[in-house]
1. Would you work out the relative contact order for the chain, in percent, from Cα pairs under 8 angstrom that are 6 or more residues apart?
2. Amide H to amide H, which residues 5 or more places from V201 or on other chains are under 5 Å from it, using H placed in the peptide plane?
3. How large is the dipole of the range 91-207 about the Cα centre if only Lys and Arg carry +1 and Asp and Glu carry -1, each at its Cβ, rounded to the nearest 20 debye?
4. Please report, in debye to the nearest 20, how large the charge dipole of the chain is about its Cα centre when each Lys and Arg carries +1 at its beta carbon and each Asp and Glu carries -1 there.
5. May I ask you to give the percent of accessible area on the chain that is carbon plus sulfur, with a probe radius of 1.4 Å?
6. Which entry is the computed Kirkwood radius over Cα pairs in Å for this structure: (i) 27.1; (ii) 20.2; (iii) 22.7?
7. Could the peptides 279-289, 141-151, 108-118 be put in order, highest first, of the mean number of other beta-carbon atoms found within 10 Å of their residues?
8. Among the aspartates and glutamates, which have Cα under 12 Å from the Cα of K118 when same-chain residues fewer than 8 positions away are ignored?
Amino acid sequence: MLIVAVWTISILSLLAIGAGYHAWLEMKLTSLELDRMKEQRLVLAAVELARGVLPDDLGKPITLKDPWADNATLFKEVRLDEGTFSVVRRVFPDDPDATTAYGLEDESGRISLNKAPKAALQALMGDDSDDAAQSILDWRQAIADDQRRKEVDSFYAELPHPYPCKHAPFESIDELLLVRGVDQARFARLRPWVTVFADRVNVNTAPKMVLTALGLSDDLADKIVEYRRSADAEDARPGAGVFANVSQIAQNLETSLEDNAQLAAIQPLLGVGSRAFRLHVEVWPGDRPIAARRPARYEVVLEFKGSGEWAIKEAARE
């Protein structure tokens with residue numbers, strides 16, 4: 001009888017432990033789900049805040065001096081009932097304009113994945129080989145040469161898990177991972193600099209890396225960035241440091257014949273405005289201090305739909 005009693009107690013103890021673990025697990029999952037809901041609400045709050053500072057009329061040039069670009073008062077550690085969020089604009093170490101900033105990123109500060117020349121793609125990937133860059137072009141466009149098209153299509157058809165080459169514009173940056181020769185390393189180098197939400201590069205907001213990838217020399221890219229910074233001078237006149245249109249670039253800078261030739265070569269890829277902005281949102285759900293916690297990170301793209309409306313085009317948790 002004693003042995004039976006011991007076994008009975010042992011079994012009941014194990015059941016109790018199992019029930020306790022199950023209850024703990026349910027509580028943990030509930031807590032995680034609650035945190036995720038809070039994160040999403042904080043991201044939506046960040047979007048609403050962003051909409052309040054984005055322009056209603058896109059007829060004027062978009063610049064880094066606009067209220068969306070650098071506004072720590074508005075975008076840094078905003079506290080709500082659900083928790084805290086910040087909207088952080090990326091910092092580019094190779095750009096003299098680089099400072100820690102709280103605000104949005106102009107999507108036209110990136111190069112269009114569907115318009116980028118092969119040389120620009122190579123420069124962004126830091127790759128001497130043009131195979132991956134050519135494969136990106138083959139993916140986004142029709143191939144007129146029948147033999148070339150058959151060779152490209154056969155590569156994708158003969159993969160262990162085959163799929164067709166698209167031969168049409170990219171709809172997302174993640175599509176790059178389907179392209180021949182674009183491995184994780186090349187994808188990681190391309191991703192911060194390309195977009196599918198803008199056709200032209202905004203010369204008022206593009207970092208130096210983008211300008212040089214397009215084919216401008218370091219010296220000319222520095223001139224553009226330095227001109228934009230002239231708006232910060234105490235005696236700056238209204239409109240200083242802003243390119244009102246693409247034709248003004250050479251007029252506002254001390255350019256050489258070589259500079260002018262470079263600008264003329266990429267002029268069809270340049271603009272001074274934007275119709276899409278990216279939010280890099282950091283969120284801390286709950287009311288605990290944020291100093292000791294790592295934030296969850298989200299990316300949201302807002303696109304102008306007319307009549308002053310900015311709609312969510314893309315949203316993802318990093």
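1. Relative contact order, the chain: 23 percent.
2. Placed amide hydrogens put L270, G271 under 5 Å from V201.
3. With only Lys, Arg, Asp and Glu charged at Cβ, the dipole is about 200 debye.
4. That gives a dipole near 780 debye.
5. Within the chain, the accessible surface is 55 percent carbon and sulfur.
6. (iii)
7. Packing order, densest peptide first, comes out as 108-118, 279-289, 141-151.
8. Within the straight-line cut-off, K118 pairs with D127, D128, D130, D131, D138.
The values are calculated or read from the model by the stated rules, or taken from the named source; none is laboratory data. The structure displayed is predicted, hence computed values, not measured ones. Methodologically, a virtual Cβ is constructed for each residue, glycine included, from the backbone with ideal geometry; neighbour enumeration extends over all protein chains shown. These accessible areas exclude ligands, DNA and RNA; they are computed on the full protein's heavy atoms, side chains included. Shrake-Rupley method; radii C 1.70, N 1.55, O 1.52, S 1.80 Å.
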